Amino acid sequence: MAQEVCSLKAQLKEQEKEIAALKKKLSQLEKSHTSALELHDKVRPLTPLKAKLALSNEDIMRYSRQLLLPELGVQGQLNLSKTSVLVVGCGGLGCPLAQYLAAAGIGRLGLLDYDEVELSNLHRQVLHGEENQGQAKALSAANAARRLNSTVECIPYHLQLSSENALQLIQQYDIVADCSDNVPTRYLVNDACVLSGKPLVSASALRMEGQLTVYNYSGGPCYRCLYPVPPPPETVTNCSDGGVLGVVPGIMGCFQALEVIKIASGQGSSCSQQLVMFDAQDARFRSIKLRPKQAGCAVCGENPSVTKLVDYESFCGSAATDKCRKLNLLPRDQRITVQDYQSIMDKAVPHLLLDVRPLVEVEICHLPFSLNIPLSSLEERKTEHIQLFQERISQLKQQMAGDCRPPVYVICKLGNDSQKAVQVLEKMSGSEVDSIMVKDICGGLMAWAQKIDPTFPQY
Ligand SMILES: Nc1ncnc2c1ncn2[C@@H]1O[C@H](COP(=O)(O)OP(=O)(O)OP(=O)(O)O)[C@@H](O)[C@H]1O
């Protein structure tokens with residue numbers, strides 16, 4: 001009895017400790033979530049930004065190292081303090097951009113993003129920390145910018161920029177920075193900037209490369225002058241498909257901040273009608289002259305056909321929130337679900353599992369006993385890969401000891417490349433390779449991770 005009481009008391013003590021730790025964590029979380037900034041979930045009119053007539057002693061101390069530059073000086077700093085900038089997207093580009101604009105003393109910073117912070121963002125979205133996971137990116141970025149410089153007015157917008165709100169929002173700012181990652185948003189921001197007469201500092205980053213230009217500024221072209229027609233959605237790669245080294249958007253976001261600061265302070269940008277390209281592999285910047293403003297441009301030309309914002313998702317054939325595009329290339333009977341494949345595995349039905357991802361992804365994770373032949377090798381009919389495939393099919397045939405066609409199940413990350421691989425193999429079946437029965441596994445390894453094996457890594 002006494003022993004039982006002792007053990008219960010010990011358990012109680014342990015639980016009290018856990019409760020105290022949880023209370024501490026809760027209060028820290030509450031503090032970080034309510035830290036002074038009001039999160040805007042719709043567009044409201046802003047009061048005009050007050051122009052500073054002179055720098056305070058504190059301003060002089062804070063900005064002394066940049067005030068010493070003849071290119072900036074006191075007037076340039078005062079100009080910065082009366083400029084407002086809207087940052088569209090608080091991700092890989094938006095974070096470094098907002099950080100340097102806040103540090104440099106921009107007057108007002110609108111930080112807009114519909115998304116929340118995730119663990120896979122942290123390698124490049126440097127204003128967010130581990131404790132911000134699940135928090136609105138706009139709020140997390142605004143809190144971080146304010147910690148850096150509390151004299152900057154930061155306005156977090158937790159909303160998606162759309163045809164309904166873009167003009168009202170953009171009209172309230174002096175300069176717009178496009179830090180988004182999708183084609184419909186690029187057209188939307190461009191058109192809204194042209195219709196409101198605002199300069200647009202635009203950048204992008206993918207893998208080991210980045211690009212930057214300034215649109216709709218000092219008589220230069222707009223995005224539509226260069227790209228009148230959107231690219232087919234299936235040709236567009238984003239960071240979650242193609243990957244990106246965190247430093248690359250870091251460099252491009254800093255470059256955007258530089259151009260914004262030059263425009264805001266009155267020095268002007270030399271990136272209008274110039275495309276700057278950064279190659280991280282060669283550590284090289286190159287600059288090419290772009291075509292000038294086009295008289296026939298649909299939005300900034302002489303007789304524009306776009307005089308108000310349109311439906312950009314229909315125009316581009318993709319949505320701004322499409323994190324991963326799902327293609328539907330095959331009929332239902334050529335596809336199986338991850339549950340079907342699990343039962344094939346459980347019943348030990350003889351088959352070949354073909355993983356068509358690039359080797360770099362297979363090294364991150366793969367299912368056991370899969371054969372890796374990247375889609376590109378199949379498309380190019382790489383001899384050594386085709387031979388390897390043939391060998392595995394012959395082994396499978398021997399194992400099956402019948403005259404039916406050996407089943408091949410094709411898998412990739414999301415179920416898009418696997419469908420393309422099925423189409424390639426279908427064409428090869430019976431002529432270039434032995435006759436096979438080939439099917440795609442719907443949703444790929446990410447569906448496997450979500451529906452079958454929660455311990456399988458999601459990347
Ligand atoms: N129309 C839009 N309105 C508001 N925010 C947008 C819009 N389009 C894109 N964004 C935001 O722009 C940011 C772009 O950041 P980034 O390119 O680093 O991609 P990400 O979506 O965070 O990353 P990942 O693709 O790895 O999930 C994202 O946070 C995204 O939510």
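The values are calculated or read from the model by the stated rules, or taken from the named source; none is laboratory data. Just so it is clear, the structure is predicted and the values come from calculations on it, not from any experiment. With ideal geometry, Cβ positions are generated from the backbone for all residues, glycine too; neighbour counts draw on all protein chains shown. SASA here: full protein model, heavy atoms, side chains in, ligands and nucleic acids out. Shrake-Rupley method; radii C 1.70, N 1.55, O 1.52, S 1.80 Å.
Tabulated values for the structure
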{"item": "Solvent-accessible area, 1.4 Å probe, carbon plus sulfur percent, for the chain", "result": "54 percent"}
{"item": "Area accessible to solvent at Arg335, 1.4 Å probe radius, in Å²", "result": "30 Å²"}
{"item": "Exposed-site-free run, longest, the chain (rule: GluC sites (Glu not before Pro); DSSP loop; at most 16 other C-beta within 10 Å)", "result": "165-301"}
{"item": "Aspartates and glutamates whose Cα lies under 12 Å from that of Lys451, excluding same-chain neighbours fewer than 8 positions away", "result": "Asp340"}
{"item": "Using θ = phi - 60° and Karplus 6.51 cos²θ - 1.76 cosθ + 1.60, couplings along the range 275-282 (whole Hz; Gly, Pro as x)", "result": "10, 9, 10, 10, 10, 5, 5, 8"}
{"item": "Long-range HN-HN contacts of Asn372 with modeled amide H, under 5 Å", "result": "Asp355"}
{"item": "Gyration tensor (alpha-carbon) shape descriptor, the range 32-316, a/c threshold 1.5", "result": "rounded"}
{"item": "Size of charge dipole - the range 244-339 - debye, nearest 20, with Cβ of Lys, Arg +1 and Asp, Glu -1, no other charges", "result": "120 debye"}
{"item": "Residues whose placed amide H lies under 5 Å from that of Leu127, excluding near-sequence neighbours", "result": "none"}
{"item": "Per residue, in Å², the accessible surface of the chain once ligands and nucleic acids are set aside, probe 1.4 Å", "result": "51 Å²"}
{"item": "Peptides ranked, highest mean first, by Cβ atoms within 10 Å: ranges 285-292, 137-144", "result": "137-144, 285-292"}
{"item": "Lys, Arg +1 and Asp, Glu -1 on Cβ, resulting dipole of the range 332-451 about Cα centre, debye, nearest 20", "result": "260 debye"}
{"item": "Charged-residue dipole, Cβ positions (Lys, Arg, Asp, Glu), the range 32-316 about Cα centre, Debye nearest 20", "result": "980 debye"}
{"item": "Mean separation of Cα contacts under 8 Å (6+ apart) over length of the chain, as relative contact order %", "result": "12 percent"}
{"item": "Fully extended contour minus Cα-Cα distance, from Glu363 to Met277, at 0.36 nm per residue", "result": "27.9 nm"}
{"item": "For the range 377-394, 3J(HN,Hα) per residue [Karplus equation, 6.51 cos²θ - 1.76 cosθ + 1.60, θ = phi - 60°, Hz, x = Gly/Pro]", "result": "5, 5, 4, 8, 6, 4, 3, 5, 6, 5, 4, 4, 4, 4, 4, 5, 5, 4"}
{"item": "Selection from Ile386, Gln135, Leu200 lying farthest towards where the dipole of the chain points positive, charges on Cβ", "result": "Leu200"}
{"item": "Relative contact order %, the range 332-451, counting alpha carbon pairs below 8 Å whose residues are six or more apart", "result": "34 percent"}
{"item": "Candidate lysines for bridging to Lys427, where Cα separation is under 19 Å - those fewer than 8 sequence places away on the same chain excluded", "result": "Lys382, Lys439"}
{"item": "Highest-first arrangement of 371-378, 303-310, where packing means the average Cβ count within 10 Å", "result": "371-378, 303-310"}
